[in-house]
Amino acid sequence: MLRINLLAATFLALMTSPLLAEDQQLDAGAQATLLKMQARISAEQGDFSTALGQIGRAARLSGDTQTAETAQRLAPQPGGGSPFANFGEILMLIQQQTSPPAKWFDVDGEGGQLSISQQGVLVAAPAVLEALKTITDDSHLLKAAELAKQANHNADPRTNASFRMVSLPRLEAHVAELLKAGQPIPDDVRTIAGLSRIEYLLVFPETGDIVVAGPAGDWTVDAQHRAVSVSTGRPTLNLDDLVTLTRTFGKGGTQGFLCTIDPKQVQVAAVQQFVKANQNKLNPATAAQFTQHLEQTLGLQNVVVQGVPHNSRVASVIVEADYRMKEIGIGKRQGPQGMKSYFDLLSRSEQRGSGSMDALRWWMAVGYNAVNVSPEGDVFQFAGSAIECLSEDQIVKAGGQRTATGKSTGANAKFAELFTKYLPELAKQDPVFADLQNIFDLAMVSALVHTHGLAQQAGWTPSAFASAGDYRPSTVEVPTELMTAAHFRVYGGRSVVVQVAGGVRAEIAGLMADGAEMPKVEELAAQCTRATPLGQQNRRWWWDAAAR
């Protein structure tokens, strides 16, 4: 006598595997039994539409035309509201035709066959079904039915929703099906169902789902070919970014990314020499020509991207955001009301300077105040601004080398603080910063999923989205050099302040490694009920919040 203990959902998935050999094919009665068992699992996961279809097929195999007709009559009907006419009758039919999944089953040595496949344990013998022992427990089915009755069955991704869910494993499976069929990726997939922000990350081990949730709705394409929300103008999430970051934080990935725009050392040295030789000639009449010569001397700066492909959309956004930040910092681009440039923040003593040239560095980093988590560890909430501006004072040597000090003082520190404060308004004014917020949100999701054990909890191993997967993000032309965005301001007819360098850096692993950064919040547990995939028919990859 062989006794095997298997999780019910795994058991059913493997028993219906297409890997059955010809000599292991089941007769009609065994196939009907398998379909009923699978129907039970579908129902307990809230997919009553699939469950009814499986019961109908099982009934036809068994010659039970009455049950087949009943299942067809109770199947979802098109139209608004709930697609089911009578949940009570559906529940009764499922209870009559199925039994709760077995936790244990016995295989006698004579009739049972047990084989191992690459996907796990594959059970394929009528003797196994006959020996299956069941228990009476309808609690999972009743819970699924209750949630399904509350489910929102909106099927139009362009409909505005304050709380839309997208299952990453289901999205990947849908994309894989499209690729296999040679079909193009539609806009609702590329915009990830119109999501414009990630507010929550939820894990549903019972259905194998990892879900991102946030506001969503109709979108259009702006002049920069960026998909943006019709109602807010905020960019939607982007499938290419999701795949790029899944690969960044997945197996074999770099676990982080950055970009910097740095002046060439020889050009910095040339600027330093010019300033030393000509600073005594500087006066209000020569200031413009002096500044123009400095800009031309600095010339093209190197664009460095690490951690993500240089031709990826992620790289394009972080480089553009870095350049825009520098332009705002030096007063060449107007920020939101209340935002001041670095030069506006200089104190009188800083304006006078010391005759030396400083390299004042700014860069944007992950800035969440915390990642809140439910007591059960299945709901995560991103708290605070996704982006934080950081700064550092650097010393420029005679040869153009820059030496880090690890400190930020005066106007340099004030600008970084002010930039962080006004980033929410800045993201409304300039979509590139909202795009950067979305990329940081997706990076945090990918890091949590692939380095914090959430993928294992849900039983999800990326395939199409993996590094060697079939999905190929579009390539984007990202410059390797950019013209200096430097600006120089003259104070008192004598002092010149030179601003160089900036960057974007995502060091998410460090944020998650600190246990204090993930406080437990009991209220988050309620989000699981609102966001549950139970009740959504045909394993849809996105859905809207259930009724409260």
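A few notes on this one:
- Here S347 does not qualify as touching a residue at least 12 places away in the same chain (Cβ under 8 Å), hydroxyl-bearing (S, T, Y) and out of contact with any helix residue (DSSP H, G or I) (no Cβ under 8 Å at 6 or more places or on another chain).
- Within the option set L7, L14, L34, L26, being touching a strand residue (DSSP E or B) at 6+ places or on another chain (Cβ under 6 Å) and modelled with pLDDT under 85 holds for one residue only, L14.
- Restricting the range 223-235 to residues that are open to solvent by 40 Å² or more (accessible area, probe 1.4 Å) and out of contact with any Lys or Arg (no Cβ under 9 Å at 6 or more places or on another chain), the residue that is farthest from H450 (Cα to Cα): A223
- Test for V266: is it among the β-branched types (V, I, T) and within 17 Å of V476 (Cβ to Cβ): no
- Restricting G79, G46 to those that are modelled with pLDDT of 55 or more, on the phi > 0 side of the Ramachandran plot and touching a Pro at 6+ places or on another chain (Cβ under 7 Å) reduces the list to G46.
- Among the residues of the range 198-215, those identified as open to solvent by 10 Å² or more (accessible area, probe 1.4 Å) and either under 12 Å from L442 (Cα atoms) or in a strand (DSSP E or B) (or both) are E199, Y200, P215.
Yes/no per residue for (1) open to solvent by 20 Å² or more (accessible area, probe 1.4 Å); (2) assigned to a helix (DSSP H, G or I); (3) closer than 26 Å to A223 by Cβ; (4) modelled with pLDDT of 90 or more:
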site: N412; (1), (2), (3), (4): no, yes, no, no
site: F415; (1), (2), (3), (4): no, yes, no, no
site: T420; (1), (2), (3), (4): yes, yes, no, no
site: V432; (1), (2), (3), (4): no, yes, yes, yes
site: I439; (1), (2), (3), (4): no, yes, yes, yes
site: L442; (1), (2), (3), (4): no, yes, yes, yes
site: A455; (1), (2), (3), (4): no, yes, no, yes
site: A466; (1), (2), (3), (4): yes, no, no, yes
site: S474; (1), (2), (3), (4): yes, no, yes, yes
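- Residue in the range 314-336 that is in contact (Cβ under 8 Å) with a residue 60 or more places away in the chain, open to solvent by less than 10 Å² (accessible area, probe 1.4 Å), under 30 Å from F465 (Cα atoms) and not in a helix (DSSP H, G or I) present: no
- Check on L258, within 43 Å of the chain's Cα centre (by Cα) and in a strand (DSSP E or B): yes
- Hey, T248 open to solvent by less than 10 Å² (accessible area, probe 1.4 Å), among the polar types (S, T, N, Q), touching a residue at least 24 places away in the same chain (Cβ under 8 Å) and not in a strand (DSSP E or B) or not: yes
- Checked against the criterion of being open to solvent by less than 50 Å² (accessible area, probe 1.4 Å) and without any contact (Cβ under 8 Å) to a residue 24 or more places away in the chain, the range 255-271 contains not a single residue that satisfies it.
- Residue that is within 30 Å of P533 (Cα to Cα), touching an Asp or Glu at 6+ places or on another chain (Cβ under 6 Å) and modelled with pLDDT of 90 or more, where the choices are V317, V212, V243, V230: V230
The values are calculated or read from the model by the stated rules, or taken from the named source; none is laboratory data. Bear in mind the structure is a predicted one, so any value in this text is a computation, not a measurement. For neighbour counting, all protein chains shown are included, and Cβ atoms are generated from backbone atoms with ideal geometry for every residue, glycine included. Side chains included, ligands, DNA and RNA excluded: accessible areas come from the protein's heavy atoms. Shrake-Rupley method; radii C 1.70, N 1.55, O 1.52, S 1.80 Å.
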